Structure formats: structure tokens, C-alpha cells
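To keep things clear, I will list the structure first and then write my remarks on it.
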Amino acid sequence: MKTYKSNTAWKNLNGLLPEDFQITEDSLPLEEAWEWKGNIMHLDRYPNKDSKYRIFLHHGVGTNGRQLNMIFGNKMAQLGYDVVAMDNLGYGMTEVNQKNITYDDWVHCFADFVNAETKRDYKKPILYGLSAGGMLAYNASCFMDEVYGIIGMCFLQNDNYKVGNDTSKFKGTNWFVVPMMKMLSKTLLKTLPIAMKSVSKMDSLVNDKKALKILLEDKASAGASVQLQFLADYMTYKLPVKVEEYDRCPILLTQPELDPWTPLALSQLSMKGIKVPFEVKIVEGAGHFPVEEKGLRQLVGYAHDFIQAI
């Protein structure tokens, strides 16, 4: 199993975080592996046998599990929660052994993992998703046996034209790009690797320029490539359950105040009319991937209060 000992990006990024959020030798998560359809999925775990809840972290298309533990998981573990972050196919330290990768694979892999963990060692599952991980958590929850709450940095229905258009790198081209991607995903070109930073607003991932440089050069996060068919599936994915019919659990949106990539209005549009309680908290002074101290403290505080109120 590959581990984060071989990855310097997270260590360099760690040094830019507020000192109280930096992972030290004494607060490193346990690294484990979980097999899914022949793939060796990497896990970053903070176990707590006494916790009533287990928080499952899922990254977006510009981050990985270790980076989520750095800004969120480590602190939630310090508050007494059992926490585990999974690197999904193509990201982090996960070893991919399947030829074809789609967004639907991401959804079902995460759902299967939560179900397996809950059966193995029962704790009430809470989901946290950063960026694209927010709506992925929603989608995956539709296939979970149990879920008690979802916390997300944004919730975007990418098949909505305005959402897809406003979050793409080349605004105004989705009318052509999306149908073309869908068509090519049914050809031999479907496994063609595409760098996410070449088609998305990855330069808006984090508001700290030093941190952005580290992330963009990291092949395990913002510098990663995905298959063309993954991108096509991601841009056209239909919700398994419409928001007006969704009744699984309450949802908390922790919207970064200074996010130039996914503004609040797009999440509000995507979640309009949702059936379950939907709460919005603004994370002050924070960017898309928050590294700012005030915002990080608010994120942890809002998440803790949300879980305790369930």
C-alpha cells in the first residue's frame, strides 16, 4: 500500500496552516487499506472506540483525504469523534487496478465503504464533503443503509446548465463541451487522461498563493488527471433522489465567505426546495479550500454544533 510518507505536498502545505491545525508526529492519522473491486483504497483514520459517531470525509477533484484531515478531520478527532478519510479512485494514495473510472464509481465506492464500516464497527455515520465531495456525499447517501447528517462545503448539481457553466474554466462553452464529452465517452477515447486543472477553475482552489502552488503541482490532488468518461459522467450526473424527495438526513452547508469558485448562490440553486432541514453557515474569511485560521475554527465549530444537535 502506498502511504503519505512518499508525498511531500501535504507536508509542505501543512507548514502553511495555522500552527494549531498542523498535523504533528503525535497527531498523524493511521494509514490503512480497504479493497474495492480490486482497487486498494487508501484510508486516513483517527479511531475512537468511545465515539457515538463516525465522520467519513470525502475530497473533491482538487484535494485528497490527507488534506481534509489537515483542515478538519484532525480537529474533529480531538473533539472525540471517530474520523476516517478515503482517497477515491485516481486521488491520494489509492492504488487503481481497474481500467475504466466513472463518477458513478466514486459514488458507489463511497457508499459501499460507509456501509461496510457501519456493519464492521457500528457508529452513526456522518458525511463531510469538500467541494465536489459535498454533492458526492449527497449522491452516495442515497445508497447507504444509514446516514445521520451531511456537512458540505458546497452542493452543486453539475447537470444544471448555470451551475456547470459558472464553475467551468471556460465560461460559455458548456453548450458544446458537455455533449462532446458525453459522445467521446462512448468511444475508445473514454480513458483519455485529462488534467483537472486544464478544464476547471483550479487556480481558485485556495486563496493563499504558496498553498495554491503546492496543490497544483501535486499529482495526488489538484495536479491529478481524470479519465474523459469520468469528467463526462461528472458533468451530466443525475441525482439518484431529487432534492424535493430527499428524506435521509439533515444537511449543513458550510459556505466559505471568500470562495471565487463556488459561490453560495449556486448551492442554493442546486438545493432549492430540499425536503430535509438545510442549514447554511458562512465560514468567514475562508477560501474554497480553507487555510485561514478564523474560517477553520468556524468550520469545526459549526460541524460540531450540527452533529450534537442531531
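Of L57, L68, L89, L17, all but one fail to be within 23 Å of Y302 (Cα to Cα) and part of a loop (DSSP other than H, G, I, E, B); the exception is L17. For segment 235-246, the tally of residues that are open to solvent by 30 Å² or more (accessible area, probe 1.4 Å) and not in a loop (DSSP other than H, G, I, E, B) stands at 4.
Got a number for residues in segment 1-24 being without any contact (Cβ under 8 Å) to a residue 60 or more places away in the chain and not basic (K, R)? Give the derivation first.
Initial filter on segment 1-24 (without any contact (Cβ under 8 Å) to a residue 60 or more places away in the chain): 5, 8, 11, 14-15, 19, 22-24.
Narrowing the set further to residues that are not basic (K, R) leaves 8, 14-15, 19, 22-24.
Qualifying residue count, segment 1-24: 7.
The residues of segment 1-14 that are in a loop (DSSP other than H, G, I, E, B) and of a type outside the set (A, V, I, L, M, F, W, C), listed by number, are K2, T3, N7, T8.
Being open to solvent by less than 10 Å² (accessible area, probe 1.4 Å) and within 12 Å of the chain's Cα centre (by Cα) is the requirement here; does G129 meet it? The answer is yes for G129. Scanning segment 20-38 for residues that are open to solvent by 60 Å² or more (accessible area, probe 1.4 Å) and assigned to a loop (DSSP other than H, G, I, E, B) turns up T24, L28, K37.
Scanning segment 247-274 for residues that are open to solvent by less than 50 Å² (accessible area, probe 1.4 Å), under 27 Å from K182 (Cα atoms) and not in a helix (DSSP H, G or I) yields W261, T262, M271. May I ask you to verify whether V84 is part of a strand (DSSP E or B) and either crowded, with 24+ Cβ neighbours inside 10 Å or touching a helix residue (DSSP H, G or I) at 6+ places or on another chain (Cβ under 7 Å) (or both)? Yes: the conditions hold for V84. Count of segment 188-218 residues, restricted to those that are touching a helix residue (DSSP H, G or I) at 6+ places or on another chain (Cβ under 9 Å), over 20 Å from L258 (Cβ atoms) and either open to solvent by 40 Å² or more (accessible area, probe 1.4 Å) or assigned to a helix (DSSP H, G or I) (or both), is 9.
If you check N100, N115, N139 for being over 17 Å from W34 (Cβ atoms) and assigned to a helix (DSSP H, G or I), only one passes: N139.
Taking the criterion of being open to solvent by less than 30 Å² (accessible area, probe 1.4 Å), among the small types (G, A, S) and out of contact with any strand residue (DSSP E or B) (no Cβ under 8 Å at 6 or more places or on another chain), would at least one residue in segment 168-176 satisfy it? No, segment 168-176 contains no residue that is open to solvent by less than 30 Å² (accessible area, probe 1.4 Å), among the small types (G, A, S) and out of contact with any strand residue (DSSP E or B) (no Cβ under 8 Å at 6 or more places or on another chain). It is to be established whether one or more residues within segment 219-234 are outside any helix (DSSP H, G or I), among the charged types (D, E, K, R) and within 18 Å of the chain's Cα centre (by Cα). For segment 219-234, residues outside any helix (DSSP H, G or I), among the charged types (D, E, K, R) and within 18 Å of the chain's Cα centre (by Cα): present. Screening the candidates P240, P193 for the property of being at pLDDT 95 or above, in contact with a Cys (Cβ under 7 Å, 6 or more places away or on another chain) and not aliphatic (A, V, I, L, M) yields one hit, P240.
Name the residue, out of V114, V84, that is hydrophobic (A, V, I, L, M, F, W, C) and under 14 Å from the mean Cα position of the chain (by Cα).
After ruling out the rest, the residue left standing is V84.
Please enumerate the residues belonging to segment 25-55 that are more than 27 Å from F306 (Cβ to Cβ) and without any contact (Cβ under 8 Å) to a residue 12 or more places away in the chain. Hits for segment 25-55 are E25, D26, E35.
Name the single residue that is nearest to I151 (Cα to Cα) among those in segment 280-310 being among the acidic types (D, E) and either surrounded by fewer than 21 Cβ atoms within 10 Å (Cβ to Cβ) or in contact with a Cys (Cβ under 8 Å, 6 or more places away or on another chain) (or both). Don't jump to the end; show me each part of the working.
At the first step, the residues of segment 280-310 found to be among the acidic types (D, E) are 284, 292-293, 305.
Checking the rest, the ones that are also either surrounded by fewer than 21 Cβ atoms within 10 Å (Cβ to Cβ) or in contact with a Cys (Cβ under 8 Å, 6 or more places away or on another chain) (or both) come to 284, 293, 305.
Working: E284: 17, E293: 19, D305: 11 Å.
Top of the filtered list is D305.
Could you check, for segment 145-161, whether at least one of its residues is more than 28 Å from F306 (Cβ to Cβ) and among the polar types (S, T, N, Q)? Scanning segment 145-161, I find no residue that is more than 28 Å from F306 (Cβ to Cβ) and among the polar types (S, T, N, Q), so the answer is no.
The values are calculated or read from the model by the stated rules, or taken from the named source; none is laboratory data. What you see is a predicted model, and the numbers here were worked out from it, not measured in a lab. Every residue, glycine as well, gets a Cβ built from its backbone with ideal geometry; the counts of neighbours run over all protein chains shown. The area values use the complete protein model at the heavy-atom level, side chains included, leaving out ligands, DNA and RNA. Shrake-Rupley method; radii C 1.70, N 1.55, O 1.52, S 1.80 Å.
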